[in-house]
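*Asks:* Pasting a structure here, questions to come.
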Amino acid sequence: MKVFLETKSLILRQLTQNDADNLFKLDTDSEVMRFINGGKPTEYDVIQNKILPQWLEYYKKYQGYGFWAAIEKLSHEFIGWFHFKPALDNQDEIELGYRLRKAVWSKGYATEGSRALILKGFKELGTQRVVAIALPIHKASIRVMEKLGLKFEKKYMHKTNQEVVKYSLDKDEFDIA
């Protein structure tokens, strides 16, 4: 297990091919997927043969950026994942995102893991700008972005044909203390 980052409550580690089952359980929860694609599960074959191999490539391609399994320290269980990676539409921006099991919603893990990634990015990785997107109706994710200091930037049509809101934060606006 290659640990990338630890917080008070979480261990963020590199994903492995062995995480296919964890990702499948996460992506078959219709509540978890509600704000991603309307609640549709991701097929196991797609996770194992397309998504996971693409995510594993990040570790080779980008030093310090990619997708990270979130492990709850208390239970030692896989509770979801975070990503902190170059944005697809602008490689100068680092996109922050996460997907967590419903059982751990409202525990502050999204904020805790995201804050740690942003801090590591600004202090150690040379990150200058962090962005995050969410569906406008996903008030919980928007609250997390705002707690982290990200500011509303714009609304636009995402490549998934869904309207999203984009929030951003520049390094000089973040309290690194």
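*Asks:* Restricting to region 115-165, and then to whatever is over 22 Å from W68 (Cβ atoms) and of a type in the set (D, E), can you tell me which residue is modelled with the lowest pLDDT?
*Replies:* E163
*Asks:* Quick check on my filter: what residues within region 143-162 are surrounded by 12 or more Cβ atoms within 10 Å (Cβ to Cβ), over 16 Å from R115 (Cβ atoms) and touching a residue at least 24 places away in the same chain (Cβ under 8 Å)?
*Replies:* Listed by number, the residues that qualify are H158, Q162.
*Asks:* Still on this structure, please answer the following. Which one is nearest to L119 (Cα to Cα), of the residues in region 65-93 that are buried (at least 17 other Cβ atoms within 10 Å of the Cβ) and small (G, A, S)?
*Replies:* G66
*Asks:* Taking only region 17-32 into account, find how many residues are closer than 16 Å to A110 by Cβ and either under 16 Å from the mean Cα position of the chain (by Cα) or not in a helix (DSSP H, G or I) (or both).
*Replies:* Of the residues in that region, 3 qualify.
The values are calculated or read from the model by the stated rules, or taken from the named source; none is laboratory data. Please read these numbers as outputs of a predicted model, since none were measured by experiment. Every residue, glycine among them, receives a Cβ derived from its backbone with ideal geometry; neighbour counts consider all protein chains shown.
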